[in-house]
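The values are calculated or read from the model by the stated rules, or taken from the named source; none is laboratory data. Since we're looking at a predicted model, the values are computed, not measured. Cβ sites come from the backbone with ideal geometry, for glycine too, and all protein chains shown count toward neighbours. The area values use the complete protein model at the heavy-atom level, side chains included, leaving out ligands, DNA and RNA. Shrake-Rupley method; radii C 1.70, N 1.55, O 1.52, S 1.80 Å.
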Amino acid sequence: MYPDPAAVLGSEGAGVVIEVGPGVTDLAPGDRVLGMFELGFSPQAVAHRQRIARMPADWSFTQAASVPLVFLTAYYALRDLAGLRAGESVLIHNGAGGVGMAAIQLAHHLGELGVAEERIASSRTTEFEQTFGAATGGAGVDVVLDALAGEFVDASLRLLPRGGRFVEMGKADVRDPEAVAAGHPGVVYRAFDLNEAGSTRIGEMLTELLDLFARGALRPLPVRPWDVRQARQALRHVSQARHVGKVVLRIPAPVDPEGTVLVTGAAGTLAGVLARHLVATGQARHLLLASRRAPGRDDAYATLLRELTDAGADVTAVAVDVSDPAQVTELVAGIDPAHPLTAVVHTAGVIADATIGSLDESALRTV
């Protein structure tokens, strides 16, 4: 639906600084930040300093990643473009979505009195025009924050009978401001994209918004997190408007090469394949191999240990039954604190052979 084929999805996020440019003096590697990136759902990104800010200490990365775009968009639309003031009324479409929920909070902060039941309607039909027209005694509203198209835009414009500001953040039905003014006297129509605010203003707004969060005037939205490997399902979930608040894609944390990786079922073939891969790719240098039996003198398990050691890995093999909680507790407690447990590769299993039935030739043909 988005009209720009060159657009890159994933323009906001949160993470840890790993490197700074020579002109950056107020951030350092290890700092936790949130903001606007050119991500493309990548584990690493380059960001303009003015477009990121320090994360609040009590926020998770998932929570922080859900904040920048929606609150910046709502803040820029209502404060900078619409100039919403206390005592004015504003129609916010898609109120259950991320920008909508952020805009409702900001409207309250700017002086709105709340959302009474008669001021709530569905954006899926144009009945909201009659509902809000009746609720306001025909006066309509002062500001519309819109992301709809077609007849929904027309219905929203008619809710500005006294003139007002129509702020369009959608991309599917951008109107000509002069044509709107001609058809709806006194209405100032403004379509926008957040990036037009520029890095300096985006940085200022981030600072102002985080101050409002710190003061309790704003709060993060409901979040539905998905693993980035489920991006297809997550985006379909969004496209069907089944979400409330924000959807966040989480990138799995890489294995810490200085930590200990516990591999269960270590005498098995699958464990050997995975252990070799971790060492060969440099993802793990400290391995703790756990199996029900100790390696023999010249069996495949012993060969695996020699290969991993020859490849430069620090390998410890222990005989332990991982189905026994007491043994597992003792195993974990014995890990060297200098290389704490940071990952578990679980390949242990129990095979329980059993007869599942038999078919004669006639039954097989029937099946």
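Mind putting a number on the dipole of the chain about its Cα centre? Charges go on the C-beta only, +1 for Lys and Arg and -1 for Asp and Glu, and I need it in Debye to the nearest 20.
Approximately 240 debye in magnitude.
What's the whole-number percent of alpha carbon pairs in the range 145-239 lying beyond 20 angstrom? It would help to have the intermediate numbers written out before the result.
Numbers: 2689 of 4465 pairs.
It works out to 60 percent of all Cα pairs.
Per residue, how much accessible area does the chain have with a 1.4 Å probe, in Å²?
On the way: 20480 Å² over 367 residues.
Here the per-residue accessible area is 56 Å².
How far is helix 300-310 tilted off the main Cα axis of the chain, in degrees rounded to 10, range 0 to 90?
The helix 300-310 is inclined about 70 degrees to the chain.
From the residues Ala86, Gly21, Phe37, which one has its Cα farthest along the dipole of the range 20-162 in the positive direction, the dipole being from +1 and -1 charges on Cβ of Lys/Arg and Asp/Glu about the Cα centre?
Checking the options against the dipole of the range 20-162, the answer is Gly21.
So for the chain, taking the charge dipole from beta-carbon charges (+1 Lys/Arg, -1 Asp/Glu), which of Leu145, Leu305, Val350 sits furthest toward the positive end?
Leu145
Could you sort 344-355, 280-291, 229-240 so that the peptide with the highest average Cβ count within 10 Å comes first and the rest follow in order? Write out the running numbers ahead of the final one.
Values: 344-355: 10.6, 280-291: 19.4, 229-240: 12.8.
In descending order of packing, they fall as 280-291, 229-240, 344-355.
If you filter the range 48-112 for chymotrypsin sites (Phe, Trp or Tyr not before Pro), then keep DSSP loop positions with at most 10 other Cβ within 10 Å, what is left?
Working: sites: Trp59, Phe61, Phe71, Tyr75, Tyr76; in loops: Trp59.
Counting only loop positions with at most 10 other Cβ atoms within 10 Å, none of the chymotrypsin sites (Phe, Trp or Tyr not before Pro) in the range 48-112 qualifies.
Mind pulling the angle between the C-alpha long axis of helix 198-214 and the longest principal axis of the chain? Nearest 10 degrees, somewhere in 0 to 90.
Its long axis makes an angle of about 80 degrees.
Please report, in debye to the nearest 20, how large the charge dipole of the range 43-116 is about its Cα centre when each Lys and Arg carries +1 at its beta carbon and each Asp and Glu carries -1 there. Intermediate values should be presented prior to the final figure.
Values: 5 positive and 4 negative charges, 58 e Å.
For the range 43-116, the charge dipole is close to 280 debye.
Zone of Ala302 (label point 7 Å along Cα→Cβ, backbone N under 17 Å): which residues in the range 261-276?
In the range 261-276, the label zone of Ala302 (backbone N under 17 Å from the point 7 Å along Cα→Cβ) covers 267-268.
Which value at 222 nm does the chain reach when only helices count, each DSSP H run of 4 or more adding -39,500 (n - 2.57), with the total divided by all residues and rounded to the nearest 500 deg cm²/dmol? Write down the numbers at each step before the final one.
Numbers: 12 runs with 112 residues, N = 367.
Value at 222 nm, helices only, nearest 500: -8500 deg cm²/dmol.
Using the charge dipole of the chain (Lys, Arg: +1 at Cβ; Asp, Glu: -1 at Cβ; taken about the Cα centre), state which of Thr200, Ala103, Val263 has its Cα farthest towards the positive end.
Ala103
Can you tell which of Thr269, Thr207, Thr126 shows the greatest fluctuation in a Gaussian network model of the chain with Cα springs below 10 Å?
Maximum among the listed residues: Thr269.
Roughly how many Å is it from the Cα centre of the range 15-50 to that of the range 301-349, as a whole number?
35 Å
On average, how much area does the Cα convex hull of the range 102-195 cover when viewed from any direction, in nm²?
The number I arrive at for the range 102-195 is 6.4 nm².
Quote the FRET efficiency, to the nearest 0.05, computed for Ala149 versus Val350 with a Förster distance R0 of 51 Å and r equal to the Cβ-Cβ distance.
0.35
Below 8 Å, C-alpha to C-alpha, sequence gap of six or more: please give me the relative contact order for the range 9-90 in percent.
So the answer I get is 29 percent.
For the chain, what does the relative contact order come out to in percent, with C-alpha contacts under 8 Å and a separation of six or more?
Values: 578 pairs, mean separation 45.0, N = 367.
12 percent.
List the extent of the Cα atoms of the range 253-319 along each of their three principal axes, largest first, rounded to whole Å.
34, 21, 18
Arg124 to Arg54: extension gain in nm, 0.36 nm per residue of separation minus the Cα-Cα distance? Provide the component values of the computation, followed by the final result.
Details: separation 70, 0.36 × 70 = 25.20 nm, distance 3.77 nm.
Difference between extended and current length: 21.4 nm.
What shape does the range 282-346 take by its C-alpha gyration tensor, where a ≥ b ≥ c are the square roots of the eigenvalues and a/c under 1.5 counts as rounded, a/b above b/c as prolate, and the rest as oblate? List each step's numbers first, then the result.
Details: a/c = 2.26, a/b = 1.17, b/c = 1.93.
Oblate, since a/c reaches 1.5 and b/c is not below a/b.
Based on a Kirkwood Rh over C-alpha pairs, give the Stokes-Einstein translational diffusion coefficient of the chain at 4 °C and viscosity 1.567 mPa s in µm²/s. Before the final figure, lay out the partial values.
Working: Rh = 25.1 Å.
Roughly 52 µm²/s, to the nearest whole number.
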